[in-house]
Amino acid sequence: MPKSIVLDPETLLAQDCIRFSEIPVNTYRKTIEEERAVFTPGDFLAIWQDMAAIREFETILSEIKTKRAYKGLAYEHLGPAHLSIGQEASAVGMAFLLTRDDHIYGSHRSHGELLAKSFSAIRKTDDGALLELMRSYLDGAILRPLEQQHRGSVAELAAKFVIFGAFSELFAKETGFNRGLGGSMHAFFTPFGSYPNNAIVGGSGSIAPGAALFKRVNRKPGIIVCNIGDASFGCGPVWEGITFAAMDQYRTLWDRELGGGLPILFNCVNNQYGMGGQPLGETMGCQFIARIGAGVNPEQMHAERVNGYDPLAVIDAFKRKIGLLAEGRGPALLDTVTYRYSGHSPSDASSYRTREEVERWQQADSLLSFRERLAQAGVLSQGALDEARVGIETVVFEMFKLAIDPHAAPRIAVGSDLVDRVMFSNDRLEKGDDRAPELLQAWSHNPRVQQIAGKVRTAAVQGQPVPKASAYNVRDAIFEALAHRFSVDPTMVAFGEENRDWGGAFGVYRGLTEALPYHRLFNAPISEAAIVGAAVGYALEGGRAVAELMYGDFMGRAGDEIFNQLSKWQAMSGGVVRLPVVLRISVGVKYGAQHSQDWSALVHHIPGLKVVFPVTPYDAKGLMNTALVGTDPVVFLESQRTYDHGEMFEVGGVPEGYYEIPMGVPSIKRTGRDLTIITFGPALYTAIEAARRLEAQQGISAEVIDLRSATPLNFDPLLESVRKTGRVLLACEAVERGSLMQSVAANLTQLAFDSLDAPPVVVGSRNWITPAAELESMFFPQPEWILDAIHERIVPLAGYVPASDQTNAELARRLRLGI
Ligand SMILES: Cc1ncc(C[n+]2csc(CCOP(=O)(O)OP(=O)(O)O)c2C)c(N)n1
Ligand SMILES: [Mg+2]
C-alpha cells in the first residue's frame, strides 16, 4: 500500500527561499507581584524549599568527596558525584508543573532533577497513594528504616523517602531506589516519573523519543522531558533522537486521533560547559543551543532560550511547552541557561575557568535572588524562608546519616545472588495492555498469510526438494511469529529502516503493511542509534518493541544503544524495569567488508543481552515466539544466507500453530558417534555437508549440534555429545579470532577436558575484511576446511589430501601476523 505523499517536480524545483522566524531569548520578565496571580505563597515556598533541599543534598556530597566528612560525620564515598550546585532553579522549574504522568530522562548530573521531580510528584499525590507506593516499592525496603522514627505528615515522610532512597542509591545501599545497582549517575525513581539518568553523555537523547513514542502509540497521558547537557548536543545519537522525534509522519501519515507530533521536550540544561570544554565559543558553533531547532523543522521545535537562574521563568516556559505538546505540536526545545559552581566532579580543579567567573555567577545565585525577590514582594518573610531552609536541610542531613548507617541501610551481602537475579528478568508477558490490538484486516485476508498457506512446510517431500518459491522459509517463520504477537500485544510496535512499504530490507515484514496501522509499523530515519535507543525508551515505559538493523555491520552506529543502554537498564534498575525488546539484526553476505560481517561475538560479550541466531524455519519461529513473549532484550540474528531456506531437519515440518523454543538449548541436527561439530549461524549447513562427506568418504559419523543461542547457553547437551565422541570441532562464519566459538571451545576444554582426545578446534572465517562476493570462498569456512582441520588437528583421516592449510604451524603464523 504505497503512501499518499506524492512528490511533484514543479513544487520541488520551484524558486523560493527558506524563511526562519525569531527564536526568543530570555524573554520572561514578570515580577513576583505579577506572579502572585499564578502562584500561592505555598507554591513559592515549595519552590524555594526544593531548591534548598537539592543544594544541601549536593553540598553534603561535595563535602564528603573532598573532605571525607560532613558536619563531623565521616564517610568515604568511593564512586562518582557529578554535582549541579548552582543549577537548582533549572531543575525545580523544570519539575514544578509536571505530573506523575510526565516522565523525565536525564544525564550523569541529574540528582537535582530526580529530587525536584519527586518532590513535585509528592505534592500531586494523595496520602493514601503515597503510603501504598512507599510500602510496595521494593517490598518496603526503603520505607522500613524511616517509618518508625517519623513524626509528621505523609508528604513529609515521602520527602524523606525520596532523599533517603537517593542517598542510599548513591552509596550503593540496598535501600537505594535501584538497590544500589545504579549509583550516582543513573539513580532514578519511576513511580514519581523520574526515568533513567544516563552516564553516557547524551544517552537519553535517543531513548527519550522512544518513551514519547510509547505515549503517542498507546494514548497515554503526559509528556517526556529529555534533560541533557549543552555539550551533549555534539553527540550523534542526540541529533538522531531529535530527528526521530521530529519525523513528519506523526502528522502526515499516522491516524489523526493519535494526537500528532511526539510529546517530547528536549531540555538543554545549559551550564555552559562540558567537562572543561565550552560549547559556546569553543567546541560548537551554534552559540545558542536554541538555534538548533531552526534546522530541524518549520516550527523550529518551538525553541527558545530561558533564564534557568529564575525558577519562575523556567516554569513559565514549561507551561507553554506542555501546552503545545498536548496539542500535538511537538517536539520542543528549551535552552535553559544555568551554571554549575561545582566542578565537573569533586576532583575537578576548574583549571578551565577563572575564579571571577564562578564568583559572578554565585553573586547571581538563584537561591539568594529568589529569597530576596520573595521577601521584597512581601510574599514570605526572610525569616520564614530561612526557617523553611533550615528545616529541609535538617531533613536532608538526617537522611544522609541514615543512609550511611550500615544497619539502617545495608549493602547487598557479599555472595548475594541479587545481581544474578536482575541481569535478566526472565519473565513472560503476553501483552503490555488489555486493549484490543489494532489490526487493519483479518489475517485470513492478508496476502502474505494467504501466500504462506499455499506453501509446503518442509524443504523436501519424499526425498524430493520443494521448489524455492513453494517452500515455507525462515522469512515466513519470523513473519508468523511477529503476526501472532501483533495480534495479542496491543503495545507491540516494529520500526527500522525501510520497514513499512518495502517490507523490511529483506522482506520479512511483507504483508504487515496491509495488516498494521502506521503507528505499529513504520519507517525510521537512517538513525541506527535512535532506532535502538527508541526501542529502549519504548520498553522502559512498558511497551514491546521490535527494532531492526538492516545489517549487523551497522551495530557500530548504534554501539552505545546496544552495549550500554539495551543491555544495562534491567540490572542497573535493580530489577525495577523490564526491557522487552527484540533487536532483529540481519547478517549479510556478498556485500563485502562493511556489509557482511557476523558480529555475534560483540553482542555475546556484553552482559545483559540474550543472543540467538536461528538458521532453520522451525528454530526461527520457535525462538522468535519466545523472544516476543519474554521481558528481556534479545538480539535476534538472521542470516541473509538462510532467509530462503526451507525446513530440512524437523521431520513434521514447521507447525502452523504457536510453539516456543526455549533460549539456550542447543539443537542436535544430525546424530553421530565419532566426532561432534558444533555450529552457530549458517555454518550449520557447511557442517552438515562436511559431515556427509566424512561419512561417505571416511566412514566417520559426525554429530552436528547447532547452538541456536549464544546467551544463555546450556552446555549439558554439548558435554553429553563430547563425552560420547571425545572429539569436537566448532564452526561459525564470524572471524575466528575472538569468536563465540573460541569462547565455547575454552569452556568445553574446562568442562570436558578428561573426555577429549584432542583440543577443541575452531574453524571460523579468516581474520580479514570480508572480500567481494566472488572471493568469499577464500573467507568463509568451507566444508573442506572442516575436513582439513579434523585431519590436521583432531584425527588423521586415512589417505586424505587437505585442500587448505589448517595446521597448527599455519595457525601460529597467522596469530603472529594478526591475520
Ligand atoms: C559518550 C561520553 N563521552 C564522554 C563522557 C565523559 N564526560 C562526562 S560528562 C562530560 C561533559 C558533559 O557535558 P554536558 O553534556 O554539557 O553535561 P554537564 O556535565 O555539563 O551537565 C563528559 C565529556 C561520557 N560520560 N560519555
Ligand atoms: Mg554542560
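The values are calculated or read from the model by the stated rules, or taken from the named source; none is laboratory data. In this text the structure is predicted, and so the values were computed from the model without any measurement. Here the Cβ positions follow ideal geometry from the backbone for every residue, glycine too, while neighbour counts run over all protein chains shown. We work out accessible area using only protein heavy atoms, side chains counted, and drop any ligands, DNA or RNA first. Shrake-Rupley method; radii C 1.70, N 1.55, O 1.52, S 1.80 Å.
Summary of values
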quantity	calculated
Angle in degrees between helix 683-693 and the longest Cα principal axis of the chain, rounded to the nearest 10	10
For TYR591, distant residues with modelled amide H under 5 Å away	none
Per residue, in Å², the accessible surface of the chain once ligands and nucleic acids are set aside, probe 1.4 Å	38
Simple label model, 7 Å out from Cα along Cβ direction - LEU751 to VAL801, nm	4.1
Volume in Å³ per residue [convex hull over Cα atoms, computed for segment 120-178]	74
Per-residue HN-Hα couplings for segment 404-419 [Karplus 6.51, -1.76, 1.60; θ = phi - 60°; Hz; x = Gly/Pro]	8, 7, x, 7, 6, 9, x, 8, 5, 5, 4, x, 5, 9, 4, 5
Whether segment 288-440 is rounded, prolate or oblate, judged on the alpha carbon gyration tensor where a/c under 1.5 counts as rounded	oblate
For segment 216-304, alpha-carbon Rg and Dmax in angstrom	14.6, 47
Virtual paramagnetic centre 7 Å along Cα→Cβ of ASP127, amide N under 15 Å, in segment 152-196	152-159
Kirkwood Rh and Cα Rg combined as Rg over Rh, evaluated for segment 608-658	0.99
Shape of segment 338-419, Cα gyration tensor, a/c cut at 1.5	oblate
Extension gain from ALA155 to ILE819, taking 0.36 nm per residue of separation minus the Cα-Cα distance	232.6 nm
Largest-first principal axis extents of the Cα set of segment 85-168 (Å)	34, 24, 22
Entries of LYS71/LYS173; LYS455/LYS590; LYS65/LYS401; LYS321/LYS431; LYS621/LYS669 with Cα pairs more than 25 Å apart	LYS455/LYS590; LYS321/LYS431
Unit charges on C-beta of K, R, D, E only; dipole of the chain, Debye	400
Efficiency of FRET between ILE412 and VAL651 - r from beta-carbon atoms, R0 51 angstrom, step 0.05	0.55
Gain in span if fully extended, LYS30 to ASP420, counting 0.36 nm per residue against the direct Cα distance	135.0 nm
Dipole magnitude of segment 687-780, debye to nearest 20 (Cβ charges: Lys/Arg +1, Asp/Glu -1, about Cα centre)	100
Computed over the chain: relative contact order in percent, which uses C-alpha pairs under 8 Å that are six or more apart	11
Furthest towards positive pole of dipole, LEU512, TRP443, PRO465, structure part segment 441-518, Cβ charges	PRO465
Antiparallel bridge percentage (DSSP; both residues within the chain; nearest 5)	15
Largest to smallest principal axis extent of the C-alpha atoms in segment 719-762, angstrom	28, 16, 16
Alpha carbon convex hull of the chain, projected area averaged over orientations, nm²	39.4
With every protein chain in place, the chain: carbon and sulfur % of accessible area (1.4 Å)	54
Tensor-based shape of segment 699-739 (alpha-carbon gyration tensor, a/c under 1.5 rounded, otherwise prolate or oblate)	oblate
DSSP-loop GluC sites (Glu not before Pro) across segment 1-90, with at most 15 other Cβ within 10 angstrom	GLU22, GLU76
Contour excess over end-to-end distance, with Cα ends at SER369 and GLN594 and 0.36 nm allotted per residue	75.3 nm
Vicinal HN-Hα couplings computed from phi for segment 225-235 (Karplus, 6.51 cos²θ - 1.76 cosθ + 1.60; Hz; Gly/Pro x)	10, 10, 8, 9, x, 5, 5, 5, 6, x, 8
